[in-house]
Protein chains: 2
Amino acid sequence: MTEKTAKKRHNMRDVARYAGVSVATVSRVVSGASSVADTTQARVRSAIDALNFVPSAAARVINSGRSYMVGALVPTLDHAIFSRFLDALERELADHGFSLVVATTHDDPDREARRAQDLLNLGVEGFVVSGLSHSDAFGDLIARYKTPVIATSYFDPSSPLVTVGYDNGAAALRALDHLVEMGHETIAVLSGPMRDNDRTRARVRALKRQPAQALQFHDVPMGLAASESVEDVLQSDPRVTAILCLSDVIAQGAMNGLRRLDVRVPEDMSVVGVDDLPSSQSIWPPLSSVHLPVTRMGTCAAERLARWIETGERARPLELETRMVARSTVRSLDGRAREP
Amino acid sequence: MTEKTAKKRHNMRDVARYAGVSVATVSRVVSGASSVADTTQARVRSAIDALNFVPSAAARVINSGRSYMVGALVPTLDHAIFSRFLDALERELADHGFSLVVATTHDDPDREARRAQDLLNLGVEGFVVSGLSHSDAFGDLIARYKTPVIATSYFDPSSPLVTVGYDNGAAALRALDHLVEMGHETIAVLSGPMRDNDRTRARVRALKRQPAQALQFHDVPMGLAASESVEDVLQSDPRVTAILCLSDVIAQGAMNGLRRLDVRVPEDMSVVGVDDLPSSQSIWPPLSSVHLPVTRMGTCAAERLARWIETGERARPLELETRMVARSTVRSLDGRAREP
DNA sequence: GATCATCGTGTAACTAGTTACATCTGGCCC
DNA sequence: GGGCCAGATGTAACTAGTTACACGATGATC
């Protein structure tokens, strides 16, 4: 109420003047580290209350060189697999004293690089990204800033990035093995868009390396639109008894398409997915799927990134296991073809 | 490579010394505002490249007083309704030059207050929160910092917080009206946990104010566990022909329970939800639900918060419309009771 | 009673970058 | 050739908070 009514936020100098002490003393009271006499302490505290003083985060950052923020660059927030992952990531990071800044890339490498620059300008101390393929601009950025980065949803110990994730090829093979064990011989593989998605590419690559199986590959549009592609798939080969979908969203779309064609799942056709989304349990029939350990991945990525930032020691890659969750797939009747 | 090999990050003074100019000149080159001779500019730029100089975000914040960050406090990231919302929020905020810092509260008001303090320490310029009920600590915090806050998922023009959302009571009544129009007279209402969730409370309150209807209220556990509660619901009154679930997750659980009891949906029992999750379209039968405009809510909340921060003028509350999406509900056969 | 240690506190120099003001140089006009 | 203006650049004082060091006042020990 004196001379500075215009200025909204008070700083330490104001508090010091009000309490009749030096800024150093105020700083000591606020940080609580050094010893300050009880009477002085009380005087400073009442000054802080009177002036509604709150210390500036930026000034503290400037001195400590620490921002306690990490950035997550994900394709989208609107997908159960990423939101699960981020939920675990955020929780673990909070336990380590870090805050999470999220930015969406929408699978656009240029946008990823731009958003990464934004986050670096904010002062993030590390990144969590999805997959291995990133633009050169992004690579330059992290090399220049020497920022710790953990790449997730992918495990590759030979990558220049530190990966915490699973073997996407192995995950796809788990689904295939399950179908083969169930006696299925002619299997259709449905994959979504592969451009800018190295996880899907790795899954397809692994399946294509299995010459023993009669696999038929189909590219389908993402989401529920996959349901319309199912008719083409069945017409292309009547011997198909199982559909292997490289994501649960595609699998759910395929199941809708089969229902429309009056093909019963699993009696007439087995369907498996990859992701094991929560919703895959609540549909009917419950979808068999390869479970991806995204919650653990979030926890482990957070832990490793936090340690990397604190110690300066590059984290080590970590492989997490996927597992097949059989729910509604059934034994093929010895390769007997569907009724047309 | 000279005397400061230990120091990792170079600052403007280093660049100035290297280029043989003053810090002011470097600052001018970096900000690009004032006029600097071409030759000097080139010299400074090569110094910047040579030293791998990147300006400190915190120092800029300290001078501008701006952090260009906003915080979102949500119950969880692992729920389709919040991740949709945050996806839209993040996208719109990015267009306004803001970054989004997320923190999860897990419906714990104390945790919310703690995380809010963390975010304020980071220097966020505004908040997006869910619902109206928050701890006193949170209220004190935002009052003290005079931080702009937008409360979402709720519309209440009389609230001290600025709300951008929908009328939760009206949303529940939309579901009820739909069932009544379809001729249903005896309706069970399933609600999840209400403690610390004012959205659910508002929905229940609105339904309880409808004395004309024979509504039977049941509290059920969240998630798929809801499927086990369905048997009790049906046994408590055999005349029930429709189940109104206050969230889609509960509705999906209820549909699973009905399937186990061999009650056909919708022939024997109509089910409606509230949320209209993406997964509600891909289940069978597709779930009728009240659509909540969460994507628009994210966009509008971001827009209003950004404007509030930029102009200092308190945003105005905004009501968004919900709408009934009928997918699998059917006309009741004149209140005929189910076969036991 | 002198010496030393300790506690409380202030001074001032840091952290990194911005910017108002001063200064210097050169070109142009009269 | 003096005066004037503009462009380019430096100086130093800001932004807010931390902290090494110094100083003075106690109290305890010899």
May I ask you to list the residues in region B:79-102 that are at the interface with chain A (Cβ under 7 Å from one of its Cβ atoms) and either crowded, with 22+ Cβ neighbours inside 10 Å or within 11 Å of the chain's Cα centre (by Cα) (or both)?
-> B:ALA80, B:SER83, B:ARG84, B:LEU86, B:ASP87, B:GLU90, B:SER99, B:LEU100, B:VAL101, B:VAL102
Given the structure, is A:SER56 at the interface with chain B (Cβ under 9 Å from one of its Cβ atoms) and either at pLDDT below 90 or out of contact with any Gly (no Cβ under 8 Å at 6 or more places or on another chain) (or both)?
-> yes
Say whether the condition of being assigned to a loop (DSSP other than H, G, I, E, B) and among the β-branched types (Val, Ile, Thr) is met by at least one residue in region A:330-340.
-> yes
Return only the number of the condition from (1) more than 9 Å from chain B (Cβ to nearest Cβ); (2) touching a residue at least 40 places away in the same chain (Cβ under 8 Å); (3) under 24 Å from B:ALA58 (Cα atoms) that A:LEU141 does not satisfy.
-> (2)
When region A:121-133 is checked residue by residue, the ones that are touching a helix residue (DSSP H, G or I) at 6+ places or on another chain (Cβ under 6 Å), more than 7 Å from every other protein chain (Cβ to nearest Cβ) and without any contact (Cβ under 8 Å) to a residue 60 or more places away in the chain are none
Residue that is surrounded by the fewest Cβ atoms within 10 Å (Cβ to Cβ) [pool: residues in region B:65-78 that are within 9 Å of chain A (Cβ to nearest Cβ) and more than 17 Å from B:VAL164 (Cα to Cα)] | B:GLY65
Scope region A:54-63; condition near DNA strand C (Cβ under 9 Å from one of its atoms) and polar (S, T, N, Q); matching residues = A:ASN63
Kindly check whether there is at least one residue in region A:172-184 that is within 14 Å of another protein chain (Cβ to nearest Cβ) and surrounded by fewer than 22 Cβ atoms within 10 Å (Cβ to Cβ).
-> no
May I ask you to verify whether B:ALA47 is buried (at least 21 other Cβ atoms within 10 Å of the Cβ), among the small types (Gly, Ala, Ser), in contact with a Phe, Trp or Tyr (Cβ under 9 Å, 6 or more places away or on another chain) and within 14 Å of another protein chain (Cβ to nearest Cβ)?
-> no
Within region A:30-53, residues being away from DNA strand C (no atom under 12 Å from the Cβ), outside any helix (DSSP H, G or I) and out of contact with any helix residue (DSSP H, G or I) (no Cβ under 6 Å at 6 or more places or on another chain) number 1
Filtering region B:60-78 down to residues that are more than 12 Å from B:THR104 (Cα to Cα) and not in a helix (DSSP H, G or I), which residue is nearest to the chain's Cα centre (by Cα)?
-> B:VAL70
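The values are calculated or read from the model by the stated rules, or taken from the named source; none is laboratory data. Only a predicted model underlies this, so the values are computations on that prediction, with no experimental measurement involved. As a convention, Cβ positions derive from the backbone with ideal geometry for all residues, glycine included, and neighbour counts pool all protein chains shown.
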